[in-house]
């Protein structure tokens with residue numbers, strides 16, 4: 001059985017080292033998945049957009065990503081695919097006794113565990129900080145951080161620099177239920193900001209979105225389609 005898989009963006013690299021042990025090996029990961037009989041893989045395909053009869057339409061496939069959850073809704077893994085559906089890389093999540101994600105193991109091509117992550121979480125179980133370590137040497141490779149406003153309707157992603165300052169690279173707008181409304185990409189080299197918003201256009205019978213537009217500069221720049229796949233485990 002193949003491994004099942006925030007998009008973790010490599011934000012900054014520097015040469016610090018730490019002696020931290022990975023908390024989940026490959027055999028433990030397989031056992032954790034096999035405990036559940038039915039998994040759900042939500043596959044998101046991102047396409048460039050074109051205009052057909054004055055309406056946005058799917059053009060070229062650009063990216064394939066999926067998130068797999070167990071029967072209780074706990075996210076198990078995050079997978080990025082190549083366009084031929086072979087695995088580019090995946091993160092297999094590690095959870096505490098309360099089901100909160102506290103780390104992950106990164107597998108190149110779905111096979112080679114080259115990096116592992118540790119997470120700091122807040123009182124609501126949300127990841128607020130992560131560290132990435134080399135699997136073989138435990139050397140610290142890079143870090144990332146997330147900040148929220150009091151209402152939880154704004155999330156800021158970035159990293160902490162060598163001076164201990166938070167550098168924001170993405171800012172997400174959420175509604176009161178946590179649904180994403182749009183985001184702002186910040187180019188910290190040029191200072192330019194690039195806003196985008198989501199327009200949800202189709203839902204399934206469970207009221208989960210299956211199609212949305214990504215809009216920037218007043219135009220639909222890309223179209224995201226979601227597929228829900230049920231997986232039976234042995």
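What follows is calculated from the coordinates using simple rules that are stated; it is not laboratory data. Since the structure is predicted, the reported quantities are computational estimates derived from the model, not experimental observations. Here the Cβ is made from the backbone with ideal geometry for all residues, glycine too, and neighbour counts use every protein chain on show.
Along the Cα-to-Cβ line of residue 185, 7 Å from the Cα, sits a label point; which residues in the range 146-179 have backbone N less than 20 Å from it? The answer is 146-147, 155-160, 167-174, whose backbone nitrogens lie closer than 20 Å to the label point.
How much length would be gained if the chain were fully extended between residue 42 and residue 135, taking 0.36 nm per residue of separation minus their Cα-Cα distance, in nm to one decimal? Could the numbers behind the result be given before it?
Working: separation 93, 0.36 × 93 = 33.48 nm, distance 2.80 nm.
Full extension from residue 42 to residue 135 adds 30.7 nm.
With a ≥ b ≥ c the root eigenvalues of the C-alpha gyration tensor of the range 72-113, is it rounded (a/c under 1.5), prolate (a/b larger than b/c) or oblate?
It is oblate, given that a/c is not under 1.5 and a/b is not larger than b/c.
Each peptide among 175-181, 87-93, 137-143, 64-70 gets the average number of other Cβ atoms lying within 10 Å of its residues, and from highest to lowest they stand as 87-93, 64-70, 137-143, 175-181. For the range 163-234, the gyration tensor built on C-alpha atoms gives a prolate shape. Its axis ratio a/c (a ≥ b ≥ c) is at least 1.5, and a/b is the larger of a/b and b/c. In this label model, residue 217 and residue 83 are separated by 2.2 nm, measuring between points 7 Å along each Cα→Cβ vector. With the simple model of a label 7 Å out from the Cα in the direction of the Cβ, residue 173 to residue 114 spans 3.8 nm. Shape class for the range 26-232, computed from the alpha carbon gyration tensor (a ≥ b ≥ c): oblate, with a/c not under 1.5 and a/b at or below b/c.
Please give the peptides 190-198, 124-132 ranked by average Cβ packing (other Cβ atoms within 10 Å per residue), highest first, as a rough proxy for protection. Kindly include the intermediate steps, with their values, before the conclusion.
Numbers: 190-198: 11.7, 124-132: 16.7.
The peptides rank, most packed first, as 124-132, 190-198.
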